[in-house]
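Peer 1: My questions all concern the structure below.
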Amino acid sequence: MKTRIIVDSTADLVPEIKERVYTVPLTVHFGQEEYIDGVTIDHKTFYEKLVESDVLPTTSQATPNDFIGAFETARQAGEAAVVITLASKFSGTYQGAVIAAAEYENIYVVDGASAAMGTGILVELAFRLLDAGSSAEEIAKALEEEKKNIVIVALVDTLEYLKRGGRISKTAAFAGGILNIKPVISVTDDEIHLLGKARGSKMGNNLLVQEINEAGGIDFSKPVLLGYSGLSDALLLKYIEDSRHIWEGHLREVRYTTVGSVIGTHLGPGAVVVAFFKNR
């Protein structure tokens with residue numbers, strides 16, 4: 001039985017992976033304006049509106065009905081499906097997929113336990129397993145184990161967006177908002193942690209490198225993905241240059257993509273993100 005990989009639109013993917021997945025979109029709201037993530041609003045337009053708008057956008061999870069459409073298409077094609085969602089602690093999207101899957105056979109729903117590039121590398125790993133001949137059930141089982149080793153570290157321009165979205169406390173946001181302090185956060189074990197603060201981007205980049213090392217280093221046998229939020233990749237390219245010693249000899253190229261609208265709502269512009277599987 002053939003297998004398809006289904007994701008929600010919060011998974012940030014490189015183009016060659018994006019064209020192979022089936023995507024169930026979430027919704028982004030700017031006041032009364034509603035947009036379907038990745039369908040009626042692209043990343044560039046989103047960040048333009050985020051910078052210009054006086055209203056902080058909000059997001060809505062994908063519903064069971066949204067997933068039923070994707071599952072019905074898979075059933076009619078005679079295919080099994082592995083569904084990889086945003087962390088259940090961040091959104092009800094996973095629960096929506098589980099509810100919808102109850103009506104179908106051969107649908108395996110995996111709580112990605114991460115977001116953005118973190119989900120992206122789990123999706124890439126799923127395709128490696130699929131291309132190696134694994135069944136949907138085998139892929140889902142492997143992902144449940146591998147997701148425990150995903151680490152995201154991010155240098156963010158401000159914690160204000162995370163605070164407004166209720167993702168971190170006001171106290172932590174205040175501590176990160178003083179005098180050009182660049183906070184470094186991580187997403188591990190379904191939780192957002194404030195790891196440290198650095199004055200300016202250069203020190204922030206150094207702190208990112210330090211946090212990667214403290215996590216146990218990168219398992220380069222598995223996917224690695226970097227990302228940025230906003231309209232310019234300049235900060236990310238600076239980080240890649242400053243941390244060249246990490247990648248040289250391990251990666252033919254350092255691949256990166258943009259943080260999408262839903263996660264960008266909470267990160268704000270100007271973030272640099274690194275997602276990897278830690279060494280075990």
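Peer 1: Would you mind getting the accessible area per residue of the stretch 1-156, heavy atoms of the protein chains only, 1.4 Å probe, in Å²? Walk me through the numbers before you get to the answer.
Peer 2: On the way: 6920 Å² over 156 residues.
Computed with neighbouring chains in place, this is 44 Å² per residue.
Peer 1: Give me the percent of Cα-Cα pairs in the stretch 185-257 that sit more than 19 Å apart, rounded to a whole number. Display every interim value, and only then the final one.
Peer 2: Numbers: 1014 of 2628 pairs.
Tail fraction, whole percent: 39.
Peer 1: Another one. Extending each Cα 7 Å along its Cβ direction at VAL51 and GLU33, get the distance between those two points in nm, one decimal.
Peer 2: Between VAL51 and GLU33, the simple spin-label model gives 1.5 nm.
Peer 1: Please work out which option in (i) 1.48; (ii) 1.13; (iii) 0.97 gives Cα Rg over 2.2 N^0.38 Å calculated from these coordinates, and answer with its label.
Peer 2: (iii)
Peer 1: Where the only charges are on Cβ atoms (+1 Lys, Arg; -1 Asp, Glu), what is the dipole of the chain about its Cα centre, to the nearest 20 debye? Could the numbers behind the result be given before it?
Peer 2: Working: 27 positive and 37 negative charges, 167 e Å.
Its charge dipole is roughly 800 debye.
Peer 1: Using modelled amide H (1.01 Å from N, peptide plane; none on Pro or chain starts), what sits under 5 Å from the amide H of VAL83, excluding residues fewer than 5 places away?
Peer 2: Residues meeting the criterion, in which the H sits 1.01 Å from N, are ILE6, TYR108, VAL109, VAL110.
Peer 1: Around THR188, which amide H atoms from residues at least 5 apart in sequence, or from another chain, sit under 5 Å from its own amide H, with H modelled in the peptide plane?
Peer 2: HIS193
Peer 1: Order the peptides 133-142, 243-252, 59-68 from the highest to the lowest mean number of other Cβ atoms within 10 Å of their residues.
Peer 2: Numbers: 133-142: 17.1, 243-252: 11.8, 59-68: 18.8.
In decreasing order of mean packing, 133-142, 243-252, 59-68 become 59-68, 133-142, 243-252.
Peer 1: Can I ask one more? Using each residue's phi in the stretch 219-226, evaluate 6.51 cos²θ - 1.76 cosθ + 1.60 at θ = phi - 60° and report the 3J(HN,Hα) Karplus result to the nearest Hz, with x for Gly and Pro.
Peer 2: Ordered by residue, 3J(HN,Hα) equals 7, 6, 7, 10, x, 10, 9, 10 Hz.
Peer 1: In whole Hz and in residue order, list the ³J(HN,Hα) couplings for the stretch 274-279 that follow from phi through the Karplus curve 6.51 cos²θ - 1.76 cosθ + 1.60, θ = phi - 60°; x for Gly and Pro.
Peer 2: 10, 10, 7, 8, 6, 5
Peer 1: Shifting gears a bit: When the helices in the chain are scored as -39500 (n - 2.57) per DSSP H run of 4 or longer and the sum is shared across all residues, what 222 nm value do you end up with, to the nearest 500 deg cm²/dmol?
Peer 2: Numbers: 12 runs with 108 residues, N = 280.
Roughly -11000 deg cm²/dmol at 222 nm, from the helical runs in the chain.
Peer 1: Taking every DSSP beta bridge that has both residues in the chain, what percent is antiparallel when rounded to the nearest 5?
Peer 2: Values: 30 of 48 bridges.
So the antiparallel bridges in the chain amount to around 60 percent.
Peer 1: So, one more: Apply the a/c threshold of 1.5 to the C-alpha gyration tensor of the stretch 89-168 and tell me whether it is rounded, prolate or oblate.
Peer 2: Numbers: a/c = 3.41, a/b = 1.57, b/c = 2.17.
Verdict is oblate for the stretch 89-168.
Peer 1: Output the relative contact order of the chain, whole-number percent, from Cα pairs under 8 angstrom with separation of 6+ residues.
Peer 2: Details: 570 pairs, mean separation 62.1, N = 280.
Here the relative contact order equals 22 percent.
Peer 1: Can you tell which of GLY249, MET203, PHE220 lies farthest toward the positive end of the dipole of the stretch 201-280, using +1 and -1 charges on the Cβ of basic and acidic side chains (Lys, Arg; Asp, Glu)?
Peer 2: The residue sitting most towards the positive pole is PHE220.
The values are calculated or read from the model by the stated rules, or taken from the named source; none is laboratory data. Everything numeric here is computed off the predicted structure, so don't read it as measured data. Counting neighbours? That spans all protein chains shown, and the Cβs are built from the backbone with ideal geometry, glycine included. Ligands, DNA and RNA are excluded from the accessible area calculation, which covers all protein heavy atoms including side chains. Shrake-Rupley method; radii C 1.70, N 1.55, O 1.52, S 1.80 Å.
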